[in-house]
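Before any comments, here is the structure.
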Amino acid sequence: MATMDVLSAKLLRSSLHPHAPFLPCPSLPSRRYRRPSSIYCRLTTSSLSSSSAATTSEGDANQDLSALLSDESTTDAPGAGSRKKRSNSGASSIPSGVRLENISKSYKGVTVLKDVSWEVQRGEKVGLVGVNGAGKTTQLRIIAGLEEPDGGNVVKAKENMKIAFLSQEFEVCASRTVREEFLSAFQEEMGVKTCLDQVQAALERATEDMDLMGRLLDELDLLQRQSQDVDLGMVDVKIQKLMPELGFVPEDADRLVASFSGGWKMRMSLGKILLQDPDLLLLDEPTNHVDLDTIEWLESYLKTQDVPMVIISHDRAFLDQCCTKIVETEFGVSKTYKGNYSGYVLAKAIWVETQRAAWEKQQKEIEHTRELISRLGAGASSGRASSEQKKLEKLEKEGLIEKPFQRKQLKIRFPERGRSGRTVLAINNLKFGFGDKDIVQQC
Ligand SMILES: Nc1ncnc2c1ncn2[C@@H]1O[C@H](COP(=O)(O)OP(=O)(O)OP(=O)(O)O)[C@@H](O)[C@H]1O
(Lines give C-alpha, C1' and ligand atoms only; values in the text may rest on other atoms or scores of the structure.)
Protein backbone atom coordinates (compact mmCIF):
# COMPACT_ATOMS: atom_id res chain seq x y z
CA MET A 1 0.00 0.00 0.00
CA ALA A 2 1.26 3.46 -0.77
CA THR A 3 2.55 5.60 2.02
CA MET A 4 2.45 9.33 2.31
CA ASP A 5 4.20 11.89 4.41
CA VAL A 6 2.21 14.80 5.66
CA LEU A 7 3.59 17.97 7.07
CA SER A 8 1.41 20.30 8.89
CA ALA A 9 1.71 23.34 11.01
CA LYS A 10 -1.09 22.35 13.28
CA LEU A 11 -0.88 19.64 15.85
CA LEU A 12 -3.06 16.64 15.45
CA ARG A 13 -1.51 14.32 17.93
CA SER A 14 2.09 14.55 18.29
CA SER A 15 5.46 14.04 19.62
CA LEU A 16 5.86 17.59 18.47
CA HIS A 17 3.06 18.92 20.54
CA PRO A 18 4.11 22.39 21.60
CA HIS A 19 4.01 21.33 25.20
CA ALA A 20 5.76 18.05 24.73
CA PRO A 21 9.50 17.61 24.57
CA PHE A 22 11.06 16.88 21.23
CA LEU A 23 10.54 13.40 19.89
CA PRO A 24 10.77 11.16 22.89
CA CYS A 25 13.05 8.23 22.70
CA PRO A 26 10.47 5.45 22.89
CA SER A 27 9.10 6.36 19.48
CA LEU A 28 12.32 5.28 17.81
CA PRO A 29 12.73 1.74 16.67
CA SER A 30 15.73 0.42 18.53
CA ARG A 31 17.14 -1.67 15.70
CA ARG A 32 16.90 0.63 12.78
CA TYR A 33 15.94 4.26 12.99
CA ARG A 34 13.09 5.30 10.76
CA ARG A 35 11.25 8.55 10.27
CA PRO A 36 8.39 8.45 12.78
CA SER A 37 5.32 7.20 11.05
CA SER A 38 2.71 9.40 12.65
CA ILE A 39 2.71 13.03 11.94
CA TYR A 40 1.84 15.08 13.89
CA CYS A 41 2.68 18.52 14.23
CA ARG A 42 1.17 19.07 10.91
CA LEU A 43 4.68 20.00 10.12
CA THR A 44 6.22 16.67 10.56
CA THR A 45 5.95 13.61 8.45
CA SER A 46 3.64 10.70 8.48
CA SER A 47 3.23 7.49 6.59
CA LEU A 48 -0.50 7.52 6.55
CA SER A 49 -0.92 4.25 4.79
CA SER A 50 1.73 2.12 6.37
CA SER A 51 0.84 -1.50 6.45
CA SER A 52 -0.20 -3.06 9.70
CA ALA A 53 2.95 -5.22 9.57
CA ALA A 54 5.12 -2.11 9.66
CA THR A 55 3.08 -0.76 12.52
CA THR A 56 3.56 -3.89 14.53
CA SER A 57 7.30 -4.15 14.09
CA GLU A 58 7.70 -0.50 14.93
CA GLY A 59 5.59 -1.01 18.02
CA ASP A 60 7.77 -3.91 19.12
CA ALA A 61 10.92 -1.94 18.57
CA ASN A 62 9.50 0.97 20.53
CA GLN A 63 8.78 -1.36 23.40
CA ASP A 64 12.41 -2.58 23.35
CA LEU A 65 13.83 0.84 23.83
CA SER A 66 11.09 1.91 26.21
CA ALA A 67 11.87 -1.09 28.39
CA LEU A 68 15.55 -0.27 28.29
CA LEU A 69 14.89 3.25 29.45
CA SER A 70 11.76 2.44 31.42
CA ASP A 71 12.51 4.94 34.10
CA GLU A 72 13.40 7.59 31.54
CA SER A 73 10.30 7.56 29.37
CA THR A 74 7.88 10.23 30.39
CA THR A 75 5.64 10.88 27.42
CA ASP A 76 3.33 8.97 25.14
CA ALA A 77 4.91 7.27 22.19
CA PRO A 78 3.89 9.24 19.16
CA GLY A 79 4.05 6.29 16.82
CA ALA A 80 0.44 5.46 17.44
CA GLY A 81 -0.98 7.82 14.87
CA SER A 82 -3.78 6.76 12.62
CA ARG A 83 -2.95 5.25 9.30
CA LYS A 84 -5.38 5.78 6.51
CA LYS A 85 -5.92 4.24 3.16
CA ARG A 86 -4.99 6.21 0.11
CA SER A 87 -7.36 6.21 -2.76
CA ASN A 88 -5.33 6.34 -5.89
CA SER A 89 -6.07 3.07 -7.55
CA GLY A 90 -6.88 3.10 -11.22
CA ALA A 91 -5.99 6.76 -11.59
CA SER A 92 -3.89 8.55 -14.15
CA SER A 93 -0.43 9.74 -13.13
CA ILE A 94 0.82 13.28 -12.56
CA PRO A 95 4.46 14.51 -12.82
CA SER A 96 4.36 16.76 -9.73
CA GLY A 97 1.81 17.86 -7.13
CA VAL A 98 -1.58 16.22 -6.84
CA ARG A 99 -4.73 15.62 -8.85
CA LEU A 100 -8.26 15.08 -7.52
CA GLU A 101 -10.41 12.93 -9.78
CA ASN A 102 -14.18 12.85 -9.31
CA ILE A 103 -14.00 13.15 -5.53
CA SER A 104 -17.20 12.78 -3.55
CA LYS A 105 -17.76 13.13 0.17
CA SER A 106 -20.80 13.16 2.45
CA TYR A 107 -21.16 13.66 6.16
CA LYS A 108 -24.10 11.92 7.84
CA GLY A 109 -25.97 11.63 4.56
CA VAL A 110 -25.38 15.26 3.57
CA THR A 111 -23.40 15.55 0.34
CA VAL A 112 -20.61 18.10 0.59
CA LEU A 113 -18.58 17.12 -2.48
CA LYS A 114 -20.32 15.52 -5.46
CA ASP A 115 -17.82 15.62 -8.29
CA VAL A 116 -14.59 17.45 -7.65
CA SER A 117 -11.71 17.24 -10.14
CA TRP A 118 -8.70 19.53 -10.39
CA GLU A 119 -4.94 19.44 -10.13
CA VAL A 120 -1.98 21.46 -8.93
CA GLN A 121 1.54 21.04 -10.25
CA ARG A 122 4.97 22.55 -9.63
CA GLY A 123 4.93 26.30 -10.24
CA GLU A 124 1.15 26.51 -9.84
CA LYS A 125 -0.69 28.21 -6.99
CA VAL A 126 -4.32 27.16 -6.85
CA GLY A 127 -6.87 29.27 -4.99
CA LEU A 128 -9.82 27.27 -3.67
CA VAL A 129 -12.95 29.41 -3.52
CA GLY A 130 -16.59 28.83 -2.66
CA VAL A 131 -19.14 29.94 -0.08
CA ASN A 132 -18.80 28.97 3.58
CA GLY A 133 -19.41 25.26 3.91
CA ALA A 134 -18.75 24.57 0.20
CA GLY A 135 -16.17 21.94 1.16
CA LYS A 136 -12.87 23.75 0.61
CA THR A 137 -11.20 22.63 3.84
CA THR A 138 -12.61 19.14 3.30
CA GLN A 139 -10.70 18.98 0.01
CA LEU A 140 -7.44 19.96 1.72
CA ARG A 141 -8.05 17.39 4.44
CA ILE A 142 -8.67 14.72 1.80
CA ILE A 143 -5.42 15.62 0.01
CA ALA A 144 -3.53 15.52 3.31
CA GLY A 145 -5.00 12.09 4.06
CA LEU A 146 -6.84 13.36 7.13
CA GLU A 147 -10.20 12.43 5.56
CA GLU A 148 -11.11 9.60 3.22
CA PRO A 149 -13.21 10.48 0.18
CA ASP A 150 -16.32 8.37 -0.43
CA GLY A 151 -15.45 8.11 -4.10
CA GLY A 152 -12.89 9.23 -6.66
CA ASN A 153 -9.10 9.29 -6.67
CA VAL A 154 -6.40 11.40 -5.08
CA VAL A 155 -3.45 11.00 -7.44
CA LYS A 156 -0.07 12.00 -6.05
CA ALA A 157 3.10 12.51 -8.04
CA LYS A 158 4.94 10.02 -5.86
CA GLU A 159 4.60 7.81 -2.87
CA ASN A 160 5.87 9.17 0.44
CA MET A 161 4.98 12.65 -0.72
CA LYS A 162 5.57 15.33 1.90
CA ILE A 163 2.45 17.43 2.20
CA ALA A 164 2.60 20.55 4.37
CA PHE A 165 -0.66 21.80 5.85
CA LEU A 166 -0.69 25.28 7.34
CA SER A 167 -4.07 25.53 9.01
CA GLN A 168 -6.01 28.52 10.25
CA GLU A 169 -4.53 28.47 13.73
CA PHE A 170 -0.79 28.82 13.88
CA GLU A 171 0.25 26.41 16.55
CA VAL A 172 3.50 27.40 18.05
CA CYS A 173 4.71 26.87 21.57
CA ALA A 174 4.74 30.17 23.44
CA SER A 175 7.34 29.03 25.97
CA ARG A 176 9.95 28.06 23.39
CA THR A 177 12.51 30.40 21.92
CA VAL A 178 12.26 31.10 18.22
CA ARG A 179 15.25 28.88 17.54
CA GLU A 180 13.70 26.02 19.54
CA GLU A 181 10.49 26.49 17.60
CA PHE A 182 12.30 26.09 14.29
CA LEU A 183 14.26 23.17 15.68
CA SER A 184 10.99 21.43 16.48
CA ALA A 185 10.49 21.08 12.72
CA PHE A 186 13.34 18.59 12.66
CA GLN A 187 11.54 15.83 14.46
CA GLU A 188 13.75 13.10 13.08
CA GLU A 189 17.04 14.82 13.80
CA MET A 190 15.95 15.99 17.25
CA GLY A 191 14.56 12.55 18.04
CA VAL A 192 18.00 11.03 17.56
CA LYS A 193 19.57 13.74 19.69
CA THR A 194 17.02 13.26 22.49
CA CYS A 195 17.60 9.53 22.46
CA LEU A 196 21.35 10.00 22.58
CA ASP A 197 21.05 12.27 25.61
CA GLN A 198 18.70 9.85 27.36
CA VAL A 199 20.84 6.78 26.73
CA GLN A 200 23.96 8.62 27.89
CA ALA A 201 22.19 9.70 31.08
CA ALA A 202 20.95 6.14 31.67
CA LEU A 203 24.49 4.81 31.16
CA GLU A 204 25.84 7.06 33.89
CA ARG A 205 23.30 5.63 36.29
CA ALA A 206 23.71 1.98 35.30
CA THR A 207 27.19 1.42 36.69
CA GLU A 208 26.07 -1.50 38.90
CA ASP A 209 24.16 -3.43 36.28
CA MET A 210 26.57 -4.87 33.71
CA ASP A 211 23.86 -6.46 31.62
CA LEU A 212 21.91 -3.21 31.31
CA MET A 213 25.14 -1.33 30.60
CA GLY A 214 25.94 -3.70 27.75
CA ARG A 215 22.55 -3.17 26.16
CA LEU A 216 22.74 0.59 26.63
CA LEU A 217 26.16 0.65 24.98
CA ASP A 218 24.74 -1.22 21.99
CA GLU A 219 21.97 1.33 21.79
CA LEU A 220 24.43 4.21 22.11
CA ASP A 221 26.52 2.83 19.28
CA LEU A 222 23.47 2.55 17.06
CA LEU A 223 22.26 6.06 17.86
CA GLN A 224 25.68 7.57 17.26
CA ARG A 225 25.74 6.06 13.80
CA GLN A 226 22.22 7.35 13.17
CA SER A 227 23.17 10.86 14.29
CA GLN A 228 25.90 10.85 11.63
CA ASP A 229 23.31 9.80 9.03
CA VAL A 230 20.82 12.56 9.86
CA ASP A 231 23.42 15.35 9.92
CA LEU A 232 22.55 17.44 12.93
CA GLY A 233 24.88 20.20 11.70
CA MET A 234 22.66 20.79 8.67
CA VAL A 235 19.76 21.69 10.95
CA ASP A 236 21.43 24.87 12.20
CA VAL A 237 22.54 25.92 8.74
CA LYS A 238 19.00 25.59 7.40
CA ILE A 239 17.51 27.59 10.26
CA GLN A 240 20.09 30.35 9.95
CA LYS A 241 19.40 30.64 6.24
CA LEU A 242 15.63 30.71 6.62
CA MET A 243 15.31 33.16 9.52
CA PRO A 244 16.30 36.31 7.57
CA GLU A 245 14.14 35.17 4.63
CA LEU A 246 11.19 35.22 7.03
CA GLY A 247 12.20 38.64 8.33
CA PHE A 248 13.73 37.57 11.65
CA VAL A 249 16.95 39.19 12.86
CA PRO A 250 19.66 37.05 14.54
CA GLU A 251 18.76 38.37 18.02
CA ASP A 252 15.22 36.99 17.60
CA ALA A 253 16.56 33.43 17.83
CA ASP A 254 16.71 33.62 21.64
CA ARG A 255 13.47 35.54 22.12
CA LEU A 256 10.41 33.70 23.38
CA VAL A 257 7.73 32.87 20.83
CA ALA A 258 5.22 34.45 23.23
CA SER A 259 6.74 37.87 22.65
CA PHE A 260 5.79 37.89 18.94
CA SER A 261 2.54 39.00 17.32
CA GLY A 262 0.17 36.71 15.39
CA GLY A 263 1.78 37.69 12.10
CA TRP A 264 5.21 36.63 13.28
CA LYS A 265 3.81 33.39 14.66
CA MET A 266 2.40 32.70 11.21
CA ARG A 267 5.90 33.23 9.77
CA MET A 268 7.25 30.72 12.29
CA SER A 269 4.58 28.15 11.37
CA LEU A 270 5.25 28.63 7.69
CA GLY A 271 9.00 28.50 8.27
CA LYS A 272 8.73 25.23 10.16
CA ILE A 273 6.98 23.50 7.30
CA LEU A 274 9.24 25.01 4.64
CA LEU A 275 12.28 23.77 6.54
CA GLN A 276 11.19 20.28 5.64
CA ASP A 277 11.12 20.86 1.89
CA PRO A 278 7.52 19.82 1.28
CA ASP A 279 6.37 18.47 -2.09
CA LEU A 280 3.01 20.19 -1.71
CA LEU A 281 1.91 23.14 0.40
CA LEU A 282 -1.69 23.48 1.63
CA LEU A 283 -2.59 26.83 3.20
CA ASP A 284 -5.97 27.24 4.91
CA GLU A 285 -6.75 30.92 5.51
CA PRO A 286 -3.13 31.95 6.12
CA THR A 287 -4.03 35.63 6.35
CA ASN A 288 -6.42 35.20 9.29
CA HIS A 289 -5.16 36.99 12.40
CA VAL A 290 -2.29 38.74 10.64
CA ASP A 291 -1.73 42.42 9.90
CA LEU A 292 -1.57 44.08 6.50
CA ASP A 293 2.24 44.28 6.44
CA THR A 294 2.47 40.55 7.04
CA ILE A 295 -0.12 39.80 4.37
CA GLU A 296 1.92 41.80 1.87
CA TRP A 297 5.10 40.06 3.00
CA LEU A 298 3.38 36.67 2.64
CA GLU A 299 2.18 37.50 -0.87
CA SER A 300 5.67 38.30 -2.06
CA TYR A 301 7.24 35.41 -0.16
CA LEU A 302 4.84 32.83 -1.59
CA LYS A 303 5.47 34.16 -5.07
CA THR A 304 9.12 33.17 -4.70
CA GLN A 305 8.19 29.59 -3.83
CA ASP A 306 8.00 27.02 -6.60
CA VAL A 307 6.42 24.21 -4.59
CA PRO A 308 2.88 23.28 -5.78
CA MET A 309 0.51 25.21 -3.54
CA VAL A 310 -3.19 25.27 -2.70
CA ILE A 311 -4.57 28.30 -0.88
CA ILE A 312 -7.93 28.83 0.76
CA SER A 313 -8.56 32.48 1.53
CA HIS A 314 -11.46 34.86 1.79
CA ASP A 315 -8.99 37.66 1.06
CA ARG A 316 -9.60 38.30 -2.63
CA ALA A 317 -6.69 40.68 -3.01
CA PHE A 318 -4.40 38.03 -1.55
CA LEU A 319 -5.70 35.41 -3.99
CA ASP A 320 -5.30 37.92 -6.77
CA GLN A 321 -1.66 38.47 -5.93
CA CYS A 322 -0.72 34.82 -5.38
CA CYS A 323 -2.80 32.50 -7.50
CA THR A 324 -2.23 31.21 -11.00
CA LYS A 325 -5.43 29.17 -11.08
CA ILE A 326 -8.77 29.32 -9.25
CA VAL A 327 -10.91 26.29 -8.45
CA GLU A 328 -14.45 27.11 -7.46
CA THR A 329 -16.62 24.60 -5.63
CA GLU A 330 -20.34 25.18 -6.00
CA PHE A 331 -23.02 22.68 -4.99
CA GLY A 332 -20.32 20.04 -4.59
CA VAL A 333 -18.99 20.40 -8.12
CA SER A 334 -15.66 22.02 -9.01
CA LYS A 335 -14.83 24.25 -11.94
CA THR A 336 -11.31 25.39 -12.83
CA TYR A 337 -10.44 28.88 -14.09
CA LYS A 338 -6.93 29.72 -15.26
CA GLY A 339 -5.44 32.97 -13.95
CA ASN A 340 -5.82 34.94 -10.74
CA TYR A 341 -8.93 35.90 -8.78
CA SER A 342 -9.87 38.89 -10.94
CA GLY A 343 -9.57 36.70 -14.02
CA TYR A 344 -11.86 34.18 -12.35
CA VAL A 345 -14.50 36.81 -11.50
CA LEU A 346 -14.52 37.98 -15.10
CA ALA A 347 -14.53 34.50 -16.63
CA LYS A 348 -17.28 33.41 -14.26
CA ALA A 349 -19.43 36.44 -15.14
CA ILE A 350 -19.02 35.68 -18.85
CA TRP A 351 -19.87 32.04 -18.26
CA VAL A 352 -22.98 32.96 -16.27
CA GLU A 353 -24.15 35.33 -19.01
CA THR A 354 -23.51 32.81 -21.79
CA GLN A 355 -25.21 30.06 -19.82
CA ARG A 356 -28.18 32.29 -18.99
CA ALA A 357 -28.62 33.25 -22.66
CA ALA A 358 -28.47 29.58 -23.72
CA TRP A 359 -30.93 28.62 -20.98
CA GLU A 360 -33.38 31.37 -21.92
CA LYS A 361 -33.20 30.38 -25.61
CA GLN A 362 -33.90 26.76 -24.76
CA GLN A 363 -36.77 27.68 -22.44
CA LYS A 364 -38.36 29.67 -25.28
CA GLU A 365 -37.98 26.71 -27.63
CA ILE A 366 -39.58 24.39 -25.07
CA GLU A 367 -42.48 26.80 -24.57
CA HIS A 368 -42.93 27.16 -28.31
CA THR A 369 -42.91 23.37 -28.80
CA ARG A 370 -45.48 22.91 -26.03
CA GLU A 371 -47.77 25.46 -27.66
CA LEU A 372 -47.32 23.74 -31.02
CA ILE A 373 -48.21 20.36 -29.55
CA SER A 374 -51.36 21.69 -27.93
CA ARG A 375 -52.35 23.53 -31.15
CA LEU A 376 -51.77 20.53 -33.38
CA GLY A 377 -53.50 18.27 -30.84
CA ALA A 378 -55.62 15.52 -32.32
CA GLY A 379 -57.00 15.25 -35.81
CA ALA A 380 -55.08 15.42 -39.05
CA SER A 381 -51.95 16.89 -37.41
CA SER A 382 -51.76 14.39 -34.56
CA GLY A 383 -48.79 12.63 -36.20
CA ARG A 384 -46.74 15.83 -36.14
CA ALA A 385 -47.87 16.58 -32.59
CA SER A 386 -46.70 13.18 -31.49
CA SER A 387 -43.27 13.62 -33.11
CA GLU A 388 -42.91 17.08 -31.48
CA GLN A 389 -43.89 15.50 -28.17
CA LYS A 390 -41.15 12.86 -28.52
CA LYS A 391 -38.61 15.56 -29.39
CA LEU A 392 -39.59 17.51 -26.29
CA GLU A 393 -39.39 14.46 -24.04
CA LYS A 394 -35.90 13.63 -25.36
CA LEU A 395 -34.74 17.17 -24.78
CA GLU A 396 -36.12 17.25 -21.25
CA LYS A 397 -34.44 13.93 -20.51
CA GLU A 398 -31.01 14.57 -22.02
CA GLY A 399 -30.34 18.07 -23.19
CA LEU A 400 -31.71 20.50 -20.63
CA ILE A 401 -29.43 23.47 -20.04
CA GLU A 402 -29.04 24.22 -16.37
CA LYS A 403 -30.09 27.64 -15.20
CA PRO A 404 -26.95 29.35 -13.85
CA PHE A 405 -27.12 30.08 -10.17
CA GLN A 406 -26.60 33.68 -9.22
CA ARG A 407 -26.28 34.62 -5.63
CA LYS A 408 -28.60 37.40 -4.55
CA GLN A 409 -26.85 40.67 -3.87
CA LEU A 410 -26.70 41.27 -0.15
CA LYS A 411 -28.46 44.48 0.77
CA ILE A 412 -27.48 46.02 4.08
CA ARG A 413 -29.18 49.12 5.35
CA PHE A 414 -27.87 50.92 8.39
CA PRO A 415 -30.60 52.73 10.30
CA GLU A 416 -30.26 56.47 10.65
CA ARG A 417 -28.80 57.51 13.95
CA GLY A 418 -29.13 60.83 15.67
CA ARG A 419 -26.03 62.86 16.44
CA SER A 420 -23.99 61.67 19.38
CA GLY A 421 -23.12 64.08 22.18
CA ARG A 422 -20.36 66.64 21.73
CA THR A 423 -17.88 64.41 23.63
CA VAL A 424 -17.80 60.94 22.13
CA LEU A 425 -14.97 59.53 24.22
CA ALA A 426 -12.67 60.95 26.84
CA ILE A 427 -9.39 59.34 27.87
CA ASN A 428 -7.42 60.59 30.85
CA ASN A 429 -3.95 59.46 31.87
CA LEU A 430 -4.16 56.13 30.04
CA LYS A 431 -1.14 53.87 30.25
CA PHE A 432 -0.93 50.48 28.58
CA GLY A 433 1.74 47.93 27.92
CA PHE A 434 2.74 44.27 27.79
CA GLY A 435 5.07 43.15 30.59
CA ASP A 436 7.62 45.92 30.99
CA LYS A 437 7.07 47.23 27.46
CA ASP A 438 4.91 50.37 27.39
CA ILE A 439 2.72 50.69 24.32
CA VAL A 440 0.93 53.88 25.42
CA GLN A 441 2.92 56.05 27.82
CA GLN A 442 0.24 58.46 28.98
CA CYS A 443 -2.54 60.10 27.08
N1 LIG B 1 -16.10 15.82 10.33
C2 LIG B 1 -17.24 16.37 9.92
N3 LIG B 1 -18.42 15.88 10.34
C4 LIG B 1 -19.59 16.40 9.90
N5 LIG B 1 -19.68 17.44 9.05
C6 LIG B 1 -18.54 17.98 8.61
C7 LIG B 1 -17.26 17.47 9.01
N8 LIG B 1 -16.30 18.20 8.39
C9 LIG B 1 -16.94 19.12 7.65
N10 LIG B 1 -18.28 18.98 7.77
C11 LIG B 1 -19.28 19.78 7.09
O12 LIG B 1 -18.96 19.80 5.73
C13 LIG B 1 -19.26 21.07 5.16
C14 LIG B 1 -18.04 21.61 4.47
O15 LIG B 1 -17.09 21.97 5.44
P16 LIG B 1 -15.72 22.67 5.05
O17 LIG B 1 -15.05 23.08 6.31
O18 LIG B 1 -14.98 21.80 4.12
O19 LIG B 1 -16.24 23.95 4.26
P20 LIG B 1 -15.44 25.24 3.80
O21 LIG B 1 -15.82 25.49 2.40
O22 LIG B 1 -14.01 25.09 4.10
O23 LIG B 1 -16.11 26.32 4.75
P24 LIG B 1 -15.49 27.66 5.41
O25 LIG B 1 -15.22 28.60 4.30
O26 LIG B 1 -16.60 28.13 6.30
O27 LIG B 1 -14.26 27.25 6.17
C28 LIG B 1 -19.75 21.95 6.30
O29 LIG B 1 -21.17 21.96 6.27
C30 LIG B 1 -19.26 21.25 7.53
O31 LIG B 1 -20.10 21.46 8.62
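Among Ser342, Thr304, Trp264, pick out the residue whose Cα is farthest towards the positive end of the charge dipole of the range 243-363, where Lys and Arg carry +1 and Asp and Glu carry -1 on C-beta, about the Cα centre.
Projecting each Cα onto the dipole axis, the largest value belongs to Ser342.
For the range 242-297, what class follows from the C-alpha gyration tensor (a ≥ b ≥ c being the square roots of its eigenvalues): rounded when a/c is under 1.5, otherwise prolate if a/b is larger than b/c, else oblate?
On the way: a/c = 1.86, a/b = 1.17, b/c = 1.59.
Note, shape of the range 242-297 comes out oblate.
How much length, in nm to one decimal, is gained on full extension between Ser342 and Ser420, taken as 0.36 nm per residue of separation minus their Cα-Cα distance?
On the way: separation 78, 0.36 × 78 = 28.08 nm, distance 4.05 nm.
Contour length minus the Cα-Cα distance gives 24.0 nm.
Residues with amide H under 5 Å of Arg122's amide H, sequence separation 5 or more or different chain, H placed in the peptide plane at 1.01 Å from N; which?
Distant-sequence amide H within range of Arg122: Ser96, Gly97.
Among the listed pairs Lys158/Lys238; Lys156/Lys403; Lys325/Lys403; Lys105/Lys391; Lys335/Lys397, give every one whose C-alpha distance is greater than 30 Å. All intermediate terms of the calculation are to be shown ahead of the outcome.
Values: Lys158/Lys238 25 Å; Lys156/Lys403 35 Å; Lys325/Lys403 25 Å; Lys105/Lys391 36 Å; Lys335/Lys397 24 Å.
Beyond 30 Å between Cα atoms: Lys156/Lys403; Lys105/Lys391.
Simple spin-label model, 7 Å along Cα-to-Cβ: Arg407 to Leu256 in nm?
Simple spin-label model gives 4.2 nm for this pair.
Using modelled backbone amide H atoms (1.01 Å from N, in-plane), which distant-in-sequence or interchain residues come within less than 5 Å of Phe165's amide H?
For Phe165, whose amide H was placed from the backbone, the distant partners under 5 Å are Leu7, Ser8, Ala9, Leu282.
Counting Lys and Arg as +1 and Asp and Glu as -1, each charge on the Cβ, what is the dipole of the range 342-398 about the Cα centre in debye, to the nearest 20? Before the final figure, lay out the partial values.
Values: 11 positive and 9 negative charges, 19 e Å.
It works out to roughly 100 debye.
Across the range 303-312, in residue order, what do the Karplus-derived ³J(HN,Hα) couplings come to in whole Hz, using 6.51 cos²θ - 1.76 cosθ + 1.60 with θ = phi - 60° and x for Gly and Pro?
So the J values, rounded to whole Hz, are 4, 7, 8, 9, 4, x, 9, 10, 10, 9.
Which percent of the accessible area of the range 342-398 is formed by carbon and sulfur heavy atoms (probe 1.4 angstrom)? Mind showing how you got there, number by number?
Details: 2280 of 4100 Å².
Carbon and sulfur atoms account for 56 percent of the accessible area of the range 342-398.
Counting heavy atoms of the protein chains only and a 1.4 Å probe, report the per residue accessible area for the range 342-398 as a whole number of Å².
Details: 4100 Å² over 57 residues.
Computed with neighbouring chains in place, this is 72 Å² per residue.
Net charge around Lys431, counting only other residues with Cβ within less than 14 Å of its Cβ (Lys, Arg = +1; Asp, Glu = -1)? Before the final figure, lay out each step's value.
On the way: positive: Lys437; negative: Asp436, Asp438.
Counting the neighbours of Lys431, the net charge comes to -1.
The values are calculated or read from the model by the stated rules, or taken from the named source; none is laboratory data. Here the structure is a predicted model, which means the values were calculated and not measured. When we count neighbours, we look across all protein chains shown, and the Cβ atoms used for this are built from the backbone with ideal geometry, even at glycine. SASA here: full protein model, heavy atoms, side chains in, ligands and nucleic acids out. Shrake-Rupley method; radii C 1.70, N 1.55, O 1.52, S 1.80 Å.
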